[in-house]
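S.K.: Pasting a structure below so you can have a look.
The values are calculated or read from the model by the stated rules, or taken from the named source; none is laboratory data. Just so we're clear, the structure is a prediction, and the values are computed from it rather than from any experiment. For neighbour counting, all protein chains shown are included, and Cβ atoms are generated from backbone atoms with ideal geometry for every residue, glycine included. For accessibility, only protein heavy atoms count, side chains too; no ligands or nucleic acids. Shrake-Rupley method; radii C 1.70, N 1.55, O 1.52, S 1.80 Å.
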Amino acid sequence: MWTKEEERCEEIYQQTTRRDDTGRYVVQLPLKTNFEDTVKSCGDTKHQAVVRLHQLERKFARNENLKAEYTKVIHEYLQLGHMKKVDPEDEDNAVYLAHCAVIREDKETSKLCIVFDASAKAPNGCSLNSSMMVGPTIQPDLRSLVFRWRTHKICVVGDIIKMYRQVRMDDKHTDLQRIVWRDNTSERIDSYKLLTVTFGTAAAPHPAVRTLQRLADDEQDNYPRGAAVVRNSFYMDDLMTGHEDLDEMKETCKEIKALLKAGGFEMQKWSSNSEELLKDLTDDSKTPEPVKDKKEIKLDKIIKILGLTWDRKDDIFHVSVNLPAIRTPVTKRVILSDVASLFDPFGWLSPVVITAKIMIQKLWLCHCGWDDELSSQLVDEWTSFRDELQELETIEIPRWIKMSSRCKEVDLHGFSDASTFALAAVVYARVVDEHDVVHVTMVASKTKVAP
């Protein structure tokens, strides 16, 4: 069920979105009030943006490499037509956004990402983000997507290049996305406006994702297979889909590429467990990129102690362990921070993760403070558990659960149990294939510490 605000977002999208003569979509921000009142409520945002630019320049003075990378991204915005300079005489009646660098060590391509701070508050407590509605969630969550992805014999993944920036912002609302910039401190500070959906605005995910779905609806007659996949198999800009028939999958991928291209989107970083399909996907790329044999599965952008990677060649999931040195003294705060970094969205590591949860319960029962050093017994118990996490890298989990249209039987079997320490539930898929061979694979599990 959508809230009234989410329904209003959808109404604004439907009433104001259009396609330009290149096929790209042009959207508006879902503002709570009209344009003039939004600008008025945000106050003097330009002064704030200039102050933040000066802070950024002081960082640049200490780090030449950061300055070079940042300037490169700004120039890319200009070259791609995602941003344009504002006439100095036309600097009133607008909202300015401060911006900063986020360094993403997990990124395979550009490590530096510029984030625009639409949450910066004016003296009256208002910000551009507080002046707009957020919109409903309209895609399946990543857990559901991965479950479905595991049912396909042949699978494929990929993502859309700069997805947000392929959706144009209506000229009327580009003045709500202005920034200030200069390449060198000796130059004048100029104003620019961002011409696309902007990373950092609260509403950005909704128009970007909704535009993908709108594109699938608009191109349904031309690309029926591709439209079905675009509607149901994307998590933000990440595609995860598959089929049991190679030729069918090839045709579907062609349709996905053609459909997305019709709306100004382009796929990159294709990967598949089928070498033939992968060759087919990468042969017609303008700039063929090296195919990685392992892909990290992510629910969010936080670096985890335990991660999950998919090995496309063996078509299995591996647990990756990124274990930093233990922080001393060992306190309740330190342990809770580590436990929060145990990444196990499907419950495949439940017997391990529940041990950590039970440990947290012991910390509450010992009535120690957040930063008090723990007893030697608790420290030894935690250190031993932590050291053994490395062993998880030996675990292999098959991606495909052996389902196909030729299966004789597919069952889901659920089990649950409880002890004085914890309770757990687990679901397995039991598949009988066309040769009467039985395959049993764990689908998911959940655990909870006993009260």
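S.K.: Take the residues in the range 134-155 that are among the β-branched types (Val, Ile, Thr) and within 17 Å of the chain's Cα centre (by Cα), then tell me which one is surrounded by the fewest Cβ atoms within 10 Å (Cβ to Cβ).
M.R.: 137
S.K.: Inside the range 337-355, can you point out the residues that are modelled with pLDDT of 85 or more and of a type in the set (S, T, N, Q)?
M.R.: Result: 337, 350, 355.
S.K.: Show the residue pairs that are 6+ apart or on different chains and have beta-carbon atoms under 8 Å apart, the first residue being within the range 313-336 and more than 16 Å from residue 359 (Cα to Cα), the second being among the polar types (S, T, N, Q) and open to solvent by 70 Å² or more (accessible area, probe 1.4 Å).
M.R.: These pairs meet every condition: 321/390; 323/390.
S.K.: Tell me which residues, restricted to the range 260-271, are more than 20 Å from the chain's Cα centre (by Cα) and polar (S, T, N, Q).
M.R.: Once the filter is applied, which keeps residues that are more than 20 Å from the chain's Cα centre (by Cα) and polar (S, T, N, Q), the range 260-271 yields nothing.
S.K.: When you go through 175, 183, 141, 190 one by one, which is the residue that is within 24 Å of residue 237 (Cβ to Cβ) and charged (D, E, K, R)?
M.R.: It is 141.
S.K.: Among the residues of the range 225-269, how many are under 21 Å from residue 144 (Cα atoms) and assigned to a strand (DSSP E or B)?
M.R.: 8
S.K.: Okay, moving on. Applying the selection to the range 1-32, what residues are part of a helix (DSSP H, G or I), open to solvent by 90 Å² or more (accessible area, probe 1.4 Å) and in contact (Cβ under 8 Å) with a residue 40 or more places away in the chain?
M.R.: If the condition is that a residue be part of a helix (DSSP H, G or I), open to solvent by 90 Å² or more (accessible area, probe 1.4 Å) and in contact (Cβ under 8 Å) with a residue 40 or more places away in the chain, then 8 is the only one that fits.
S.K.: Turning to a different aspect of this structure: Taking only pairs six or more apart or across chains, which ones have beta-carbon atoms under 7 Å, a first residue in the range 361-390 that is at negative phi, and a second residue that is open to solvent by 60 Å² or more (accessible area, probe 1.4 Å) and assigned to a helix (DSSP H, G or I)?
M.R.: 370/333; 371/333; 378/362; 385/355
S.K.: Here's a follow-up. Do you know which residues across the range 67-91 are open to solvent by less than 30 Å² (accessible area, probe 1.4 Å), in contact with a strand residue (DSSP E or B) (Cβ under 7 Å, 6 or more places away or on another chain) and of a type outside the set (Ser, Thr, Tyr)?
M.R.: Listed by number, the residues that qualify are 73, 74, 82, 83, 86.
S.K.: Quick one: is residue 158 within 14 Å of the chain's Cα centre (by Cα) and under 17 Å from residue 77 (Cα atoms)?
M.R.: no
Let's see how each residue does on (1) within 23 Å of residue 132 (Cβ to Cβ); (2) open to solvent by 10 Å² or more (accessible area, probe 1.4 Å):
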residue	(1), (2)
189	no, yes
194	yes, no
213	yes, yes
220	no, yes
227	no, no
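S.K.: If we scan the range 46-62, do we find a residue that is surrounded by fewer than 14 Cβ atoms within 10 Å (Cβ to Cβ), out of contact with any Cys (no Cβ under 6 Å at 6 or more places or on another chain) and part of a loop (DSSP other than H, G, I, E, B)?
M.R.: So far as the range 46-62 goes, no, none of its residues is surrounded by fewer than 14 Cβ atoms within 10 Å (Cβ to Cβ), out of contact with any Cys (no Cβ under 6 Å at 6 or more places or on another chain) and part of a loop (DSSP other than H, G, I, E, B).
S.K.: Based on what the data block shows, is residue 214 of a type in the set (D, E, K, R) and either within 30 Å of residue 251 (Cα to Cα) or part of a strand (DSSP E or B) (or both)? Spell out the reasoning first.
M.R.: Details: of a type in the set (D, E, K, R): yes; either within 30 Å of residue 251 (Cα to Cα) or part of a strand (DSSP E or B) (or both): yes.
Against the criterion (of a type in the set (D, E, K, R) and either within 30 Å of residue 251 (Cα to Cα) or part of a strand (DSSP E or B) (or both)), residue 214 qualifies.
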